[in-house]
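In what follows, a single structure is set out as structure tokens and then discussed.
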Amino acid sequence: MIAELGHYALTLALGVALVQAILPMVGATRGDARWMAVAVPTALVQFALLMFAFLALMHAYVTSDFSVLNVVANSHSLKPMLYKISGVWGNHEGSLLLWVAVMALFGALVAIFGRNLPPGLKARTLSIQATITVGFLLFMVLTSNPFERVFPAPLEGRDLNPLLQDPGLAFHPPMLYIGYVGLSIVFSFACAALIEGKVDAAWARWVRPWTLLAWSFLTGGIALGSWWAYYELGWGGFWFWDPVENASFMPWLVATAMLHSAIVVEKRDTLKSWTILLAIIGFSLSLIGTFLVRSGVLTSVHAFASDPERGVFILMLLAVSIGGSFALYAWRAPSLSGGGLFRPISREGALVLNNLLLTTAAATVLLGTLYPLFLELLTNDKISVGPPFFNATFVPIMIPLFVALGVGPFLPWKRADLTPVLRLLITAFVFAVAVTVLAGIVIWGQQAYALLGIAVSAWLVGSVVTEIYRKIRPTRSIGFGQAFGRLLNLPRAAWGMSAAHFGIAIVVAGATGASLLTTERIEAVRIGETVEVAQFDFTLTSVTQVPGPNYMATRGEFTITPRDSGTDQSYILEAENRQFLSNGQVTTEAAIRSFSWYDLYAVLGEPAGQGRYTVRLYFKPLVPWMWAGTIFMVIGGFLSLSDRRLRVGAPKRSAAAPPATPPQPPPPSPPPAAYTARKAVTQDAHRAKRNKFLLGLLPLLIFSGLIGAMGYQLLFGKDPSLIPSALIGDPVPRVELEALKQDKPGFGPQDFGPTPGNDQPILVNVFASWCVPCRAEHPIITALAQEQNIPVYGLNSKDTREAALDWLDELGDPYTRIGYDPTGRAGIEWGVYGYPETFLINPQGQVVYKYVGPISPRIVNEEFLPRIEALRAQ
């Protein structure tokens, strides 16, 4: 009964949203105050109905109501209560319900706290917000009903993905959605301003708090997801540039740019059109991310669904809402008048540079994310874009941004002299040099590029401290007591900016340590054996079986002792492999001990035979600073939000009656010369307006190209789960691999291609002893080699020889040849995307197919065997 009530509330919310979308907009157009006033109660009622629907779905999960199909597919009666609740948004239908609930939440907040907004702007904003909600509610009601019943009801559910059964993933999606979806209200404000044709300092002050609120939650949500990947997936990384990771990061970059451009609108009454465009682009990227997650047009480990029909609906919604907003921008933006002028060396100039670099970075990430789609569309070539591309393009854009970030707050508005500003920053520069020299001594012999990241971080810290000191003690005549008083009286917005910039500096240092200074060891050890990692000894002391609420865990206990410390101090870490009872899936639980400036990190792998276990051990300097830095950034956002100047718009003023003026006689006809001059000015004005209109069409054209490419890929493209390779159609890489085993050779390019009596295709299987999916697919690889009589070459990558040999002794050796690649360099040449991977090589020595992930019987029958038979028949 509660599920039916939830469905009814969802349908009723659709009707209320339709009323909110139409009546206030018509009322604002006609100047009807009564119709405009409808926006507030409908926004509140819509939010109440959607919250009721959301709580009804949550009730079904909490009570394990397996008559609801969504609960059957994503829950289990043995799940802990926290994961029953988080299962509500851990699926396609539930996450969409959370999406529309957050949209309604922001509409209700504007209705409640927007008392100082002009009635017309408020009505139009809430109407546009409701229009977007209508589209998503239609999508849910027609294609993605979260309350669909199943009869007869099964006794048990299929459980939530075990990777999502984690506290980090319980809180990550709601926080991310508040930020991700919160940009919708900024978008609504921008479209309302375009319709009114008025963007001024008051509008910038009204829109900045909502941008800041969304930005703060988006920052926290991205950081929480990164932290989850770091400790849950067991590979020690925190960011992989996955398409859906990028889809949340791009709106963050654009929202950061908009926060800074809105300051220029408020302070200097300029960059109006640009700020409106950023508001539209930010939410556009949020919708594109939603499309990527739910359409399957690109492969992602974050995907909720891969249903083309659902993807078409979202694509249509995206085309109407965002395409319409870009068309509105092209039409109305040329009428937005410019503001004050400024010189390049000024506070405005620094903020413009900030915007250019941030939007260029966002464009780079978008290009890398969608490039495989466009390349296949235009040339039918296949390629995968991974971390090497993003690291090589994104980081060089960020370095000048961070350098400028230290200078910008010191520049005055309108015009500035750079010499005195640089003189103020001498202390920060000296501090950065000293820290870099000290770091060079500490990390001597390691990655030299790490010094660049540390130097940038130290420069930002020094500039933030210098800026605060300048604010509280602008002259030496001010005593420390008076300076302390100034410190306490600084505006919260100033503290927020300093905290956010300081947090960025700390994040840069942490990312540098995690990416460039990590020490990693992969070993196969027995209980009691010790492995040296950096200045620590890791000893595997025990391996036990431990029952969990809905899983069985293999727990490995590590004792870690500092070397050459002169003390007997030691630390205990407990890492687990969990096998879930409902579906048999295995997950890794890393053991991490955090200190002030480093992490000790241990992962227990699979048994390697002869009483050995594969373990992955890390010493990760500065990694805790990443999470500390993001906390500073979020605190900075909320500190700024708490400043009353950012929370309150311009006060409401009563309209003054216009003074009575006597009718004026018509102006005399201008002389011919004056008429000609005026006509020339008018023509110039029309020409300038036309050029602005054509320039305003550019975003619409680019967006139309994106929509067209994604639509073509969705409707006519190939299976997106098959990650392409740049090697397709090319000869195998010219890489010589040494033999893993003494009695079996390695391989190189000479071992492929036509030879007398050899017309067989060859499989190359990339594996590692620490890779759990490799273990799962190994029997299928063995069956392919034995039953199909096809040669299989093994490529053992980023592994130890001893662990790989023990792994093969335990599971069997189906390989004709085995190459050993301990550093992963050969894997880079082969374009390895993940583990495991399998390549199909034709008899001519060319790569014709690649599959990423563990091979299943379905993949063998549908993908490999038809291709193998076709090659044999040639």
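The values are calculated or read from the model by the stated rules, or taken from the named source; none is laboratory data. These numbers were taken from a predicted model, which means no experiment stands behind them. Note that we place each Cβ from the backbone using ideal geometry, even for glycine, and neighbour counts take in every protein chain shown. In case anyone asks, the SASA skips ligands and DNA or RNA and just uses the protein heavy atoms, side chains included. Shrake-Rupley method; radii C 1.70, N 1.55, O 1.52, S 1.80 Å.
Quick notes on this one:
- Within the accessible area of the stretch 547-644 (1.4 Å probe), percent carbon and sulfur: 53 percent
- Using the Karplus relation 6.51 cos²θ - 1.76 cosθ + 1.60 with θ = phi - 60°, the per-residue 3J(HN,Hα) values for the stretch 239-251 come to 7, 10, 6, 5, x, 7, 4, 5, 5, 8, 6, 5, x Hz, with x marking Gly and Pro.
- Most to least accessible of 799, 568 (protein chains only, probe 1.4 Å): 568, 799
- Packing order of peptides 435-442, 459-466, highest average first: 459-466, 435-442 (average count of other Cβ atoms within 10 Å over each peptide's residues).
- Shown is the FRET efficiency for residue 26 and residue 568, computed with R0 = 56 Å from the Cβ-Cβ distance and rounded to the nearest 0.05: 0.10.
- For residue 638, the accessible area of its heavy atoms, probed at 1.4 Å with every protein chain present, is near 80 square angstrom.
- Model label points for residue 521 and residue 471, set 7 angstrom from Cα along the Cα-to-Cβ axis, are 4.7 nm apart.
- Sorting the segments 201-211, 777-787, 178-188 by their residues' average number of neighbouring beta-carbon atoms within 10 angstrom, most packed first, yields 178-188, 201-211, 777-787.
- Euclidean distance of C-alpha centroids, the stretch 212-290 and the stretch 61-90, integer Å: 31 Å
- Per-residue ³J(HN,Hα) for the stretch 775-784, Karplus 6.51 cos²θ - 1.76 cosθ + 1.60, θ = phi - 60°, Hz, x for Gly and Pro: 5, 5, 8, 4, x, 6, 4, 4, 5, 4
- Dipole moment magnitude, nearest 20 debye, the stretch 90-207 about Cα centre, only Lys, Arg, Asp, Glu C-beta charged: 540 debye
- Ranked by the mean number of other Cβ atoms within 10 Å of their residues, highest first, the peptides 742-750, 249-257, 606-614 come out as 249-257, 606-614, 742-750.
- Distance (nanometres) between label positions extended 7 Å along Cα→Cβ at residue 546 and residue 116: 5.4 nm
- For residue 845, residues with placed amide H under 5 Å, excluding near neighbours: 753
- Net charge, residue 426 excluded, C-beta distance under 15 Å - Lys, Arg +1, Asp, Glu -1: +1
- Over the stretch 768-830, accessible surface divided per residue gives 38 Å², non-protein components excluded, 1.4 Å probe.
- Residue 869 versus residue 441: modelled label distance in nm, points set 7 Å from Cα along the beta carbon direction: 7.1 nm
- Net +/- balance of residues flanking residue 196 in space, Cβ distance below 13 Å, scoring K and R +1, D and E -1: +4
- Out-of-range pairs (alpha-carbon distance over 26 Å; input 122/272; 79/798; 122/414): 79/798; 122/414
- Per residue, the solvent-accessible area of the stretch 507-567 (1.4 Å probe, heavy atoms of protein chains only, all protein chains present) comes to 43 Å².
- In a reduced charge model with +1 at each Lys and Arg Cβ and -1 at each Asp and Glu Cβ, the stretch 476-536 shows a dipole moment near 580 debye about its Cα centre.
- The stretch 413-561 - Debye-derived log10 I(q)/I(0), Cα point model, q = 0.19 Å⁻¹: -1.18
- Extension gain, residue 786 back to residue 532 (0.36 nm per residue minus Cα-Cα distance, nm): 87.4 nm
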